[in-house]
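Student: The structure that follows is given in the form of structure tokens.
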There are 2 protein chains.
Amino acid sequence: MEDKAQIQEAIKVQGEVVRKLKSEKASKEQIDEEVAKLLELKARLGGGDDGKHQFVLKTPKGTRDYNPKQMAIRERVFNTITRCFKRHGAETIDTPVFELKETLTGKYGEDSKLIYDLKDQGGELLSLRYDLTVPFARYLAMNKITNIKRYHIAKVYRRDNPAMTRGRYREFYQCDFDIAGQYDAMIPDAECLKIVHEILSELELGDFRIKVNDRRILDGMFAVCGVPDDKFRTICSTVDKLDKLPWQEVRKEMVDEKGLSEEAADQIGEYVSLHGGMDLAERLLQDPRMSQSKQACAGLSDIKLLFSYMQLFQVTDKVVFDLSLARGLDYYTGVIYEAVLTQAGVAPVALASNDAQNGSEESVSVGSVAGGGRYDGLVGMFDPKNRKVPCVGVSIGIERIFSIMEQRAEAAAEKVRTTEVQVLVASAQKNLLEERLRLVTELWNAGIKAEVMYKKNPKLLSQLQLCEEMGIPLVAILGEQELKDGVVKLRVVVSREEVATVITASGYS
Amino acid sequence: MEDKAQIQEAIKVQGEVVRKLKSEKASKEQIDEEVAKLLELKARLGGGDDGKHQFVLKTPKGTRDYNPKQMAIRERVFNTITRCFKRHGAETIDTPVFELKETLTGKYGEDSKLIYDLKDQGGELLSLRYDLTVPFARYLAMNKITNIKRYHIAKVYRRDNPAMTRGRYREFYQCDFDIAGQYDAMIPDAECLKIVHEILSELELGDFRIKVNDRRILDGMFAVCGVPDDKFRTICSTVDKLDKLPWQEVRKEMVDEKGLSEEAADQIGEYVSLHGGMDLAERLLQDPRMSQSKQACAGLSDIKLLFSYMQLFQVTDKVVFDLSLARGLDYYTGVIYEAVLTQAGVAPVALASNDAQNGSEESVSVGSVAGGGRYDGLVGMFDPKNRKVPCVGVSIGIERIFSIMEQRAEAAAEKVRTTEVQVLVASAQKNLLEERLRLVTELWNAGIKAEVMYKKNPKLLSQLQLCEEMGIPLVAILGEQELKDGVVKLRVVVSREEVATVITASGYS
């Protein structure tokens, strides 16, 4: 520990330095530099409870408060998404924000280092949830549920390197929809894609594409291209980079870093450049090499079936079968998909501009706004008897969507209302507080969203300003004359139109 | 560490014991006892990642999952409360689930031991939020906000002794409404009470009372009764027990444990037995002893003003000025209040019955469902210049309300719907999957909440059973004849009434 008194002395001296520079009207850089030193000293002092309020006033790294404007946008997005989930008959559940540490152990591979652990204060060892999928699987196994269609919107936690200007946080929302149960092939899978299509359309984020592939096609492809069994996963994660890197660099990583033969890499290169629709699946089923893999054939047949259902669901306009799609997560066992925004519109550019170093990378990858797939083995990992519950699901990249929406609102200088107040009860004269309170009570009791200013004698101007500021559309103005006549003046704030309205409620005569 | 192999051997043996007892049809208690031993052994083995899935399948102590039925109830309660907050013009904010540890330091007195800390994994020291009030104050100070009316519904964390059958958890919701800003006296305070009145009325929890008092009246009373200054807080927390203990026991604690003189205690006893309305405040302002305290007089005048506003707000039927109300939290500076359910109805009895030892205590205190007050100093604790932002707020005891609602739904054997699906698209014949998917797509696209079974050829009976089970009111039945005629049969599930409806959507001819 440093000596507090010493630091406090240093702060005093440094404070003098800053004051002096300011009084001498020194350059901004010079002042900023000395202020930074001062703040650094104060931070070293920390939050000692010495009555001097040396708090560092901030939220933890990688987290943020949502202010009312952000909350209004968040609510709008949540409502759209929830409405869609409910339209498809989903129930919802919630799980605790922390789980037993061992529940998360062994589920996230090397990403496990990003898990937040709680301090051992006696009792169970706990960790903050890392996603909503593992708690969901734990919930199913624990309650022996074999059938459910559920959504879950909640915060998850990762000790990742935050990039908040691009919507990447350590605390962030996930928004998951999953269908668990033994059903006829590809029907629930197709519904997940229908849901992505509906949500992205309704949110009006611009044009989008949904790429689909199948883990079995990838594995089959690796096998027929001569990738050794023990390299499937690592080669798969290299393929996963194709949305950010050109093929030559991906090939280089496969050959130079992962030790794959050039022939194998080139064969993979041919396949992963392919994309199309049901016809491509058909064609690959006839492909002399691909058709040697039973796995690949099973995946390709399912892709065909999936497309036939998607046609009925009217979503094929946005879906493309893309052999380069290889989502990272280990637990996928069948179809996988990912939605990307294709418009090089406001959002990606604006997002990337805040971070010049990674700009080129992020301006591409920012497009991904939903992803998911089939994971038939995860629930079984929690079941003592390893009973499997097939699952397919999708996760909406809600934080990215928030970022886009916020930036759009800002760019359009859109006035986001943060309350839903319909009318402000005001008065033009003094001493009418009682009458205002009586009227606002009538309005509340009638279910109308209403406010009064908490002042005995507010000025009419300041009451009207409040309406403008908060976007309150109507103002009910009380005055002596109106009270005598048993009416209120109701004014439309924007147009200044006024009507006199008779008050029929009990409190008036 | 224990020897895994040893424990595994013990589990095997114990498993045999259980199997034997079961085959011998031993008594339930005997079997349960041996099963408990078996589970205990399995727990000791822990979640070793040995591919044998030795997970303990549970949520952390003091926490729970919400299943779809509980979520449906939770949503209903949240909607009622949120509607009320919005009717009163509140905005909403959200803060991270964890704060810098130092933000929480020194805010909760000896309850600080109940704070969950995160493990130091490098970087900042963090703790889970303990309530929503301190993060709110931090938010105001950090953003230099001096005026806001906001609500915040979110989970908070306390390493308390859980009593889950009574709705007391380590992870639980708080539901806060606060008004920050410098306003004319008692107007926002009265609105908080109006809000409590509206919410408790709308939730139909049974009859209730809202007790009000003022921290300044308590302090003034202690002063004129001769309580030494340094004993105010501790005597106050003894008075706080009056809703659970008879006066004689409270007096005993004051005198025997806290060392108060008998005279002082008796004088306090006279005052804290008083309750009434505005008239009581008036009377106490004339009281020769009480009127000696400036503080008490200020509090009493404000209580009078509060009652006059509450009359205008039409809530005085439920409010009582009660000098025994002494809410524990240190940060209150003015008016305080607490709402209790007064009906000895289903809820308190049922809640208490799960815990015989504390039954008598809990059957009284379970009634408290909302509380709050004025805290004008808290924000200043975060401001480097100690600028004060006066605040008044209320917290709705939402977990207790959930418990009551859940038990009521259970007692009434009420069928709680967990989805909002309006219609199931079904078929009576085989090979109509395509037609079902086409029709459900039309419904979804039209914004109708609809489902199909994920089977190629489900039986009509099982489709109808699904409707009954999930409470789906309508079933649209497709058959060869209907398709030829361009209609669907729409059946009301409960009454079995049927009508033929023409399909006008594009996909049909």
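Student: Return the residues of segment A:422-455 for which accessible area with all protein chains present is lower than in the chain on its own by 50 Å² or more; set the probe to 1.4 Å and exclude ligands, DNA and RNA.
Tutor: Hits at the 50 Å² cut-off: A:Leu437, A:Thr441, A:Trp444, A:Tyr454.
Student: Further question on the same structure: In square angstrom, rounded to the nearest 10, how much accessible surface does B:Arg374 have for a 1.4 Å probe?
Tutor: Near enough 40 Å² of accessible area.
Student: Tell me, what is the FRET efficiency for B:Lys459 and B:Ala412 to the nearest 0.05, using R0 = 30 angstrom and their Cβ-Cβ distance as r?
Tutor: Once rounded, the FRET efficiency stands at 0.40.
Student: To the nearest 20 debye, what is the magnitude of the charge dipole of chain B about its Cα centre, counting +1 on the Cβ of each Lys and Arg and -1 on the Cβ of each Asp and Glu? Could the numbers behind the result be given before it?
Tutor: Details: 72 positive and 78 negative charges, 285 e Å.
Computed charge dipole of chain B: roughly 1380 debye.
Student: Could you work out the longest stretch of chain B that avoids the GluC sites (Glu not before Pro) located in DSSP loops with at most 12 other Cβ atoms within 10 Å?
Tutor: B:205-413
Student: Determine the total buried accessible area between chain B and chain A, counting protein heavy atoms only with a 1.4 Å probe; round to the nearest 100 Å².
Tutor: Details: alone 26990 and 26990 Å², together 45020 Å².
Roughly 9000 Å² of accessible surface disappears when B and A pair.
Student: Sticking with this one: Run through the other copies and list how far each one's label point is from that of B:Gln30, in nm with one decimal, shortest first; the point sits 7 Å from Cα along Cα-Cβ.
Tutor: Output for B:Gln30: 9.3 nm, nearest copy listed first.
Student: Helices from chain B with mean Kyte-Doolittle at least 0.5 and a Cα length along the axis of 20 Å or more, per DSSP H: which?
Tutor: Flagged H segments are B:187-203.
Student: For chain B, restrict the atom set to alpha-carbon positions and state the Rg and Dmax in Å.
Tutor: 29.7, 95
Student: Under 1.5 on a/c is rounded, so check that first for segment A:4-44, then, if it is not, pick prolate when a/b is larger than b/c and oblate when it is not; a ≥ b ≥ c are the square roots of the alpha carbon gyration tensor eigenvalues.
Tutor: Note, shape of segment A:4-44 comes out oblate.
Student: Mind listing the label-point distances from A:Gln286 to the same position on all other copies, shortest first, one decimal in nm, points 7 Å along Cα→Cβ?
Tutor: Result for A:Gln286, in nm, nearest copy first: 10.5.
Student: Between A:Glu124 and B:Ala5, how high is the FRET efficiency from 1/(1 + (r/R0)^6) when r is the Cβ-Cβ distance and R₀ = 25 Å? Nearest 0.05.
Tutor: 0.55
Student: What distance in nm lies between label points placed 7 Å from Cα along the C-beta direction at B:Ser112 and B:Asp485?
Tutor: Computed distance between label sites B:Ser112 and B:Asp485 equals 7.8 nm.
Student: Let me ask something else about it. On the protein heavy atoms, probe 1.4 angstrom, tell me the percent of accessible surface of segment B:369-509 carried by carbon and sulfur.
Tutor: Working: 3440 of 6660 Å².
Roughly 52 percent, rounded to a whole number.
Student: Now for a different question. Would you grab the residues whose amide H sits under 5 Å from the one on B:Gly397? Only those 5+ places off in sequence or on another chain, please, with H modelled 1.01 Å from N.
Tutor: Hits under the 5 Å cutoff: B:Ala370, B:Gly371.
Student: Here's something else I'd like to know. So what does B:Met453 come to for accessible area, using a 1.4 Å probe and Å² rounded to 10?
Tutor: 40 Å²
Student: Separate question: Lysine pairs in segment B:4-44 8 or more apart or on different chains: how many have alpha carbons under 23 angstrom apart?
Tutor: 17
Student: Order A:Tyr183, A:Tyr271 by their accessible area, 1.4 angstrom probe, all chains in place, largest first. Present the calculation step by step, with values, prior to reporting the outcome.
Tutor: Numbers: A:Tyr183 65, A:Tyr271 10 Å².
Order by accessible area, largest first: A:Tyr183, A:Tyr271.
Student: Go through B:Lys58/B:Lys119; A:Lys113/A:Lys304; A:Lys388/B:Lys484; A:Lys119/B:Lys155 and tell me which ones have a Cα-Cα distance over 30 Å in this structure. Walk me through the numbers on the way to the answer.
Tutor: Values: B:Lys58/B:Lys119 22 Å; A:Lys113/A:Lys304 39 Å; A:Lys388/B:Lys484 42 Å; A:Lys119/B:Lys155 19 Å.
Beyond 30 Å between Cα atoms: A:Lys113/A:Lys304; A:Lys388/B:Lys484.
Student: Another question about this same structure. When a/c reaches 1.5 or more, the comparison of a/b and b/c decides; with that in mind, is segment A:206-268 rounded, prolate or oblate per its Cα gyration tensor?
Tutor: Here segment A:206-268 falls in the oblate category.
Student: Starting from the residue with the highest accessible area, list A:Ser324, A:Ser427 in decreasing order, probe 1.4 Å.
Tutor: On the way: A:Ser324 25, A:Ser427 0 Å².
So, going from the largest accessible area down, we get A:Ser324, A:Ser427.
Student: Each residue of segment A:110-124 in turn: what ³J(HN,Hα) in whole Hz from Karplus with 6.51, -1.76, 1.60 and θ = phi - 60°, glycine and Pro shown as x?
Tutor: 6, 6, 4, 5, 8, 6, 7, 9, 8, 5, 6, 9, x, x, 6
Student: Mean residue ellipticity at 222 nm from the helices of chain B, using -39,500 (n - 2.57) per DSSP H segment of n ≥ 4 over the full residue count, to the nearest 500 deg cm²/dmol? Walk me through the intermediate numbers first.
Tutor: On the way: 19 runs with 216 residues, N = 509.
Taking each H run of at least 4 residues, the total per residue is -13000 deg cm²/dmol.
Student: Using a Förster radius of 22 Å, what is the FRET efficiency between A:Lys22 and B:Lys144 based on their Cβ-Cβ separation? Nearest 0.05, please.
Tutor: With a Förster radius of 22 Å, E is 0.60.
Student: Which listed residue (B:Ser462, B:Val488, B:Val425) has the Cα farthest towards the positive end of the charge dipole for segment B:423-502, taking +1 on Lys and Arg C-beta and -1 on Asp and Glu C-beta about the Cα centre?
Tutor: B:Ser462
Student: How would segment B:423-502 be classified by its alpha-carbon gyration tensor: rounded, prolate or oblate, with rounded meaning a/c under 1.5 and the a/b versus b/c comparison settling the rest? Could the numbers behind the result be given before it?
Tutor: Values: a/c = 1.18, a/b = 1.16, b/c = 1.02.
Note, shape of segment B:423-502 comes out rounded.
Student: For a quick size check, give me the Cα extents of the protein assembly as shown along its three principal axes, largest first, whole Å.
Tutor: Principal axes ranked by extent give 104, 86, 75 Å for the Cα atoms.
Student: Moving on. Report, in whole Å, the centroid distance computed from the Cα atoms of segment B:237-300 and segment B:415-448.
Tutor: Taking the Cα centre of each part, segment B:237-300 and segment B:415-448 sit 66 Å apart.
The values are calculated or read from the model by the stated rules, or taken from the named source; none is laboratory data. Only a predicted model underlies this, so the values are computations on that prediction, with no experimental measurement involved. Note: ideal-geometry Cβ built from the backbone for every residue, glycine included; neighbour counts use all protein chains shown. Side chains are part of the model used for accessible areas, which takes the heavy atoms of the whole protein and leaves out ligands, DNA and RNA. Shrake-Rupley method; radii C 1.70, N 1.55, O 1.52, S 1.80 Å.
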